[in-house]
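*Asks:* First the structure, which I've put down as structure tokens, then a few questions once you've had a look.
Bear in mind these aren't lab numbers, they're just calculated from the coordinates by the rules spelled out. Since the structure is predicted, the reported quantities are computational estimates derived from the model, not experimental observations. With ideal geometry, Cβ positions are generated from the backbone for all residues, glycine too; neighbour counts draw on all protein chains shown.
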Amino acid sequence: LIVQRLLRPQDKLHLFELHSTDVPLLERNVQHLHAGRQVQVHASDGFAATKALLPPPSRRGLVLLDPSYEIKTDYARTAAAVADGLERFATGTFAVWVPQLARLDAQHLPDKLKRMAERAGRPWLHAALAVRAPGGVHSGLHASSMLVINPPYTLRATLRRALMQLHELLAQDTHASYAISSQ
């Protein structure tokens, strides 16, 4: 809903959902937006489908990768999609959500993406938010981050303000924290 409201008349939003049970729900939500053909829902693998859309005709765009990471290969597929995307659309903005987990794949992905951006000569921004200490009596996700390649120049300041507020609102213990780094 937020992204759709920010779209300009000439913009297009392509949403990909692999889980067949979630596609009808996503389609119903999109229908409520009354966005017409500006927003399209695809019942397909977003990793594979993104290749066909890059580069966009306008030569401007945002690629948001938000995989479930339930499949172990999602980490490698995410890195491969960003690498391919940077080759096809070097000036595009790529935003990748990464869970902060004990899995080595999850821990290594942000650094892998940063190195990829640096080799391509592209700037990056990494923002992380932890709401509590890992483990303990709570299980599940305790923190996550976004790695953005070719971020808008105003993003760092905007995220700093947003993360300060989110930290204050969502902190569950004294280990809650946030961090922003960039190059």
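*Asks:* Expressed as an acute angle from 0 to 90° and rounded to the nearest 10, what is the orientation of the C-alpha long axis of helix 155-170 relative to the principal long axis of the chain?
*Replies:* That helix lies at roughly 60 degrees to the long axis.
*Asks:* Which one, His34, His108, His14, has the greatest fluctuation when you compute a Gaussian network model over the chain with C-alpha springs under 10 angstrom?
*Replies:* His34
*Asks:* When the Karplus curve 6.51 cos²θ - 1.76 cosθ + 1.60 is applied with θ = phi - 60°, which whole-Hz ³J(HN,Hα) does each residue of the range 9-19 get, with x for Gly and Pro?
*Replies:* Along the range 9-19, the couplings run x, 8, 7, 10, 10, 10, 10, 10, 9, 8, 6 Hz.
*Asks:* Nearest 500 deg cm²/dmol is fine: what mean residue ellipticity at 222 nm does the chain get from its DSSP H runs of n ≥ 4 alone, each adding -39,500 (n - 2.57), divided by its residue count?
*Replies:* The helix-only estimate for the chain comes to -11500 deg cm²/dmol at 222 nm.
*Asks:* Using a Gaussian network model of the chain with C-alpha springs under 10 Å, which one of Leu163, Leu109, Leu65 is most mobile by mean-square fluctuation?
*Replies:* Leu163
*Asks:* So how far, in whole Å, is the C-alpha centre of the range 2-67 from the one of the range 97-116?
*Replies:* 25
*Asks:* Right, another one. Given labels modelled 7 Å from the Cα in the Cβ direction, how far is it in nm from Asp45 to Thr91?
*Replies:* For the pair Asp45/Thr91, the computed spacing is 3.1 nm.
*Asks:* Find the relative contact order for the chain and round it to a whole percent, using C-alpha pairs within less than 8 Å whose residues are 6+ positions apart.
*Replies:* Numbers: 256 pairs, mean separation 31.9, N = 183.
Relative CO of the chain lands at 17 percent.
*Asks:* By count of other Cβ within 10 Å, fewest leading, how are Lys12, Lys51, Lys114 ordered? Could the numbers behind the result be given before it?
*Replies:* Numbers: Lys12 15, Lys51 11, Lys114 18.
Lowest count first: Lys51, Lys12, Lys114.
*Asks:* Quick one: Tyr69, Tyr178, fewest Cβ neighbours within 10 Å first, how do they rank?
*Replies:* Tyr69, Tyr178
*Asks:* Mind sorting Met146, Met164 by how few other Cβ atoms lie within 10 Å of their own Cβ, fewest first? Write out the running numbers ahead of the final one.
*Replies:* Details: Met146 21, Met164 11.
Placing the least packed residue first, the sequence is Met164, Met146.
*Asks:* Could I ask something else about it? If one computes P(r) from the Cα atoms of the chain, what percent of pairs lie at distances over 22 Å?
*Replies:* That tail contains 52 percent of the Cα-Cα pairs.
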